[in-house]
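I have placed the structure first, in the form of structure tokens, so that the comments after it can refer back to it.
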Amino acid sequence: MQRKAETQTIVRKKDNFSEWYSEILKRAKILDIRYPVKGVYVWYPYGYKVRNLVYGILRSLMDKEHEEVLFPLLIPKDELMKEKEHIKGFEDEVFWVTKGGSTELDIPLALRPTSETAIYPVFKVWIRSHRDLPLRIYQIVNTFRYETRHTRPLIRLREITSFKEAHTAHATRADAEEQVKKAVALYKSFFDQLAVPYVITRRPEWDKFPGAEYSIAFDTLMPDGRTMQIGTIHLLGESFARTFDIKYEDENGSLQFVNQTCYGISERCVASVIAIHGDDHGLVLPPTVAPIQVVIVPIVFSRKAGISNNGVESVSVEKACVAVYDELNEAGIRAFVDNSEDRPGAKYYRWEMKGVPLRIEIGPRDLKSNNCEFVRRDNTKRTHVPLSDVVPEVKRTLEGIQGDIHEAAKETLHANIYKNKSEDKMEMEELRRKAEHGIVSLFLCDRERCGQELEDQLGVSVLGKAVAVYEAEEKDKSEGECMICSRKAKRVYVARAY
Ligand code: A5A
Ligand code: ZN
């Protein structure tokens, strides 16, 4: 069969995830990786449409309680260097602009690796009184990080093109902590809408955001068994406020430092959608972010026995396709009629690769019985649907697909979390093997030395303690013995991480 031969040319996701991922980005026209700068890539039109739908969801969530702003890309060196902890974490990752033409600049300018040091000097002049608080802003911009580890499209970039960073300022620490919880809820809702499952952890002390009091991270599990951090939320407390002198006058007229938070998401969110849902035929897009939710294919050139390519029939089939398109369009569903000259098989292949959630086929025989055929991208199931029910049936089917791929992804994640019990007395070698397929939950104390040793022995990263406050399923307050030093310890998640 022709179609099979075409699809077989992709390496299987299970066999070589990394190669599969690169192939998909290229064939589904998401990202062109041929740009001649390391860690810097080009969005194709189709990829950019997916990106905009994903960020549209994020924007609409953010806009409820934040205002969008746009700060400059360039940060003067003296501002960037002010916060000691912050710069310690970032100095090796900064790109510098040092010349204007052939003239050395008086003050070198950094390309923002993140925008705390661009935004907070301005917060100092924006914030005067308690009436200016809470202040909640965000921007979606490009940021630059001179990553020295292996760069990867959408995952580890030197130019992050779609960095959503929120920055908030509050009167009290309690208000800031409340904001952290709200941000966690917001990110949950965002990733739920992408059908991307996650674990939420509080990062260990030695691996928090530079300048933060603590950091909370969302991690998802990639098909190769490694975790990827897809978003972080940081309680900054007063550290930046003290450095940048951000004060407000409280109700009694005395000056107080603000309490801050910040939280960020990059195009890793797009990478996670592609990686988690895609299969050996290409992308599988959740309907929420599919640029085309339904592709309508007229079956007029089919060589299937019994279907003639009669001119009259072709015309009425095409008319029926356009009528279905109009109805769907009217109902706010993103539809497309593929009336190109290609064989139906070539069309199927193309739209499967692009991850269109639902295909509707209409041929002369369907028309005679006033039917059409639905074919789901996620499970290839075929159903006959009366033409009069197309709109409600499409809505129902798209919801079904969204729910089913989300459930399947959650199942995969949870099936790959291995909970090690103290009494199991598992050997390190056995745990290391478990960590090759996913996340291991084990007892580890807070000391950095134990964390380092465990990371070395298992070849993993410590993700941190599960955030029990936010995750009903992680009510596990049990204590055990640290795997390394046998002192009292809490559970942490560890995994091989991207
Ligand atoms: N100012 C805060 C929000 C901040 O910068 N946090 S962060 O450093 O943790 O970055 C936020 C998120 O951006 C990370 O959780 C990660 O998902 C993503 N990210 C970080 N470096 C990246 C890179 N080089 N390429 C792609 N995404 C990256
Ligand atoms: Zn220990």
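Before moving on, here are some points about what is shown:
- Output for segment 479-493, where each listed residue is in contact with a Gly (Cβ under 9 Å, 6 or more places away or on another chain) and either part of a strand (DSSP E or B) or more than 11 Å from ligand 2 (Cβ to nearest atom) (or both): K488, A489, K490, R491, V492, Y493
- Whether a residue is open to solvent by less than 10 Å² (accessible area, probe 1.4 Å), closer than 19 Å to H66 by Cα and in a loop (DSSP other than H, G, I, E, B) was assessed, and T114 passes this test.
- Check on G47, surrounded by 19 or more Cβ atoms within 10 Å (Cβ to Cβ) and either modelled with pLDDT under 95 or on the phi < 0 side of the Ramachandran plot (or both): yes
- Test result for A166, within 13 Å of ligand 1 (Cβ to nearest atom) and assigned to a helix (DSSP H, G or I): no
- Test: residue in segment 357-365 that is in contact with a Cys (Cβ under 6 Å, 6 or more places away or on another chain) and touching a residue at least 40 places away in the same chain (Cβ under 8 Å): yes
- No other residue among V385, V356 is open to solvent by less than 30 Å² (accessible area, probe 1.4 Å), more than 25 Å from I274 (Cβ to Cβ) and hydrophobic (A, V, I, L, M, F, W, C) apart from V385.
- So E361, is it touching a helix residue (DSSP H, G or I) at 6+ places or on another chain (Cβ under 7 Å), in a strand (DSSP E or B) and either under 30 Å from K13 (Cα atoms) or among the polar types (S, T, N, Q) (or both): no
- Selected residue (criterion: most open to solvent (accessible area, probe 1.4 Å)) from residues of segment 331-342 that are without any contact (Cβ under 8 Å) to a residue 60 or more places away in the chain and not in a strand (DSSP E or B): E341
- Filter result (out of contact with any Asp or Glu (no Cβ under 9 Å at 6 or more places or on another chain) and open to solvent by less than 30 Å² (accessible area, probe 1.4 Å)) within segment 70-111: F71, I75, I87, F90, V94
The values are calculated or read from the model by the stated rules, or taken from the named source; none is laboratory data. Predicted model only: the values in this text are computed from it and were never measured. Note that we place each Cβ from the backbone using ideal geometry, even for glycine, and neighbour counts take in every protein chain shown. Ligands, DNA and RNA are stripped out before the accessible areas are found, and what is left, the full protein with its side chains, is counted by its heavy atoms. Shrake-Rupley method; radii C 1.70, N 1.55, O 1.52, S 1.80 Å.
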